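Visitor: For reference, the structure I am asking about is given below.
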Amino acid sequence: MTPLSTPQRAERRTVKRRPRALVTGLAAVALSWPGVALAAPPAAPATALAPASASASVERAAADITWTLVRASNPTADQQDAYNRITAAMNAAVSRYNNLSDLGKAITVRYEPGVPTADGNINGTIRFGSNRGYMAERTALHEISHTIGVGTSGGWSSLGGSGTWRGAQATALVKQYDGANATLSTGGGHFWPYGLNYDNEFSNTAADRHVRIVAAMVRDGL
């Protein structure tokens, strides 16, 4: 990565998720909580919850995706415009991930005009190039998925290397969305449908499904 010529400072941004609902135990009744059945279920917690005991309250633990923008100390007009656009895109994408999943990642974002489009790395780095068309939520969601492991992890290679995702949970989810014959195709470090690989794939519904599928891939072993 080519270092920027101007001094930089990092601003850490946290987009908080919506509060999680509390699960309250009922006296003298043993309860187990395998997960609430939703039209598109959120990611499961890292550890299973024990049955609730009498008068106990249990809150599901949740990770957060956080992000930091590396900025020049004295930005040019071009840099400041890019920072504003990137901030809006990342805030929207991180908010969507945090509201719809329990995924966690600390992400560092850079504006590097020499990058042709944008890219994401499993080390937690996202770079945006100078093309303003890619400074949008669709791109940010897509690149966040790369930092989590889509196209970049060992689990991706083992579960998606055949050209079709073989993990049970993400496969079941796409069938729920698109019918019994639906599959998740993989190739070139990307997946489809709902990979948000191109602008014409974006909608609020597709973006929500993207997040939930990535979370399901993580549960599969991404």
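Visitor: In segment 178-209, which residue that is closer than 16 Å to Ser101 by Cβ and touching a Pro at 6+ places or on another chain (Cβ under 9 Å) is most open to solvent (accessible area, probe 1.4 Å)?
Guide: The extreme case among them is Arg209.
Visitor: Just to be sure I understand the filter: pairs with C-beta atoms under 9 Å, separated by 6 or more residues or on different chains, first member in segment 67-82 and closer than 20 Å to Thr125 by Cα, second member surrounded by 14 or more Cβ atoms within 10 Å (Cβ to Cβ) and among the charged types (D, E, K, R). Which pairs pass?
Guide: Partner pairs satisfying both residue conditions: Trp67/Arg13; Trp67/Lys105; Thr68/Arg13; Leu69/Arg13; Leu69/Arg110; Val70/Arg110; Gln79/Arg71; Gln80/Arg71.
Here's the yes/no breakdown for (1) open to solvent by 20 Å² or more (accessible area, probe 1.4 Å); (2) under 30 Å from Gln80 (Cα atoms); (3) in a loop (DSSP other than H, G, I, E, B):
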position	(1), (2), (3)
Asn99	yes, yes, no
Thr108	yes, yes, no
Asp119	yes, yes, no
Ile122	yes, yes, yes
Ile126	no, yes, no
His142	no, yes, no
Ser157	yes, no, no
Leu173	no, no, no
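Visitor: Collect the residues in segment 159-171 that are touching a strand residue (DSSP E or B) at 6+ places or on another chain (Cβ under 9 Å), of a type in the set (A, V, I, L, M) and open to solvent by 20 Å² or more (accessible area, probe 1.4 Å), keeping them in residue-number order.
Guide: Leu159, the sole residue that qualifies.
The values are calculated or read from the model by the stated rules, or taken from the named source; none is laboratory data. Not measured: the values here are computed from a predicted model. A quick note on method: Cβ atoms are made from the backbone with ideal geometry, for glycine too, and the neighbour counts reach across all protein chains shown. Surface areas here come from the heavy atoms of the whole protein model, side chains and all, with no ligands, DNA or RNA. Shrake-Rupley method; radii C 1.70, N 1.55, O 1.52, S 1.80 Å.
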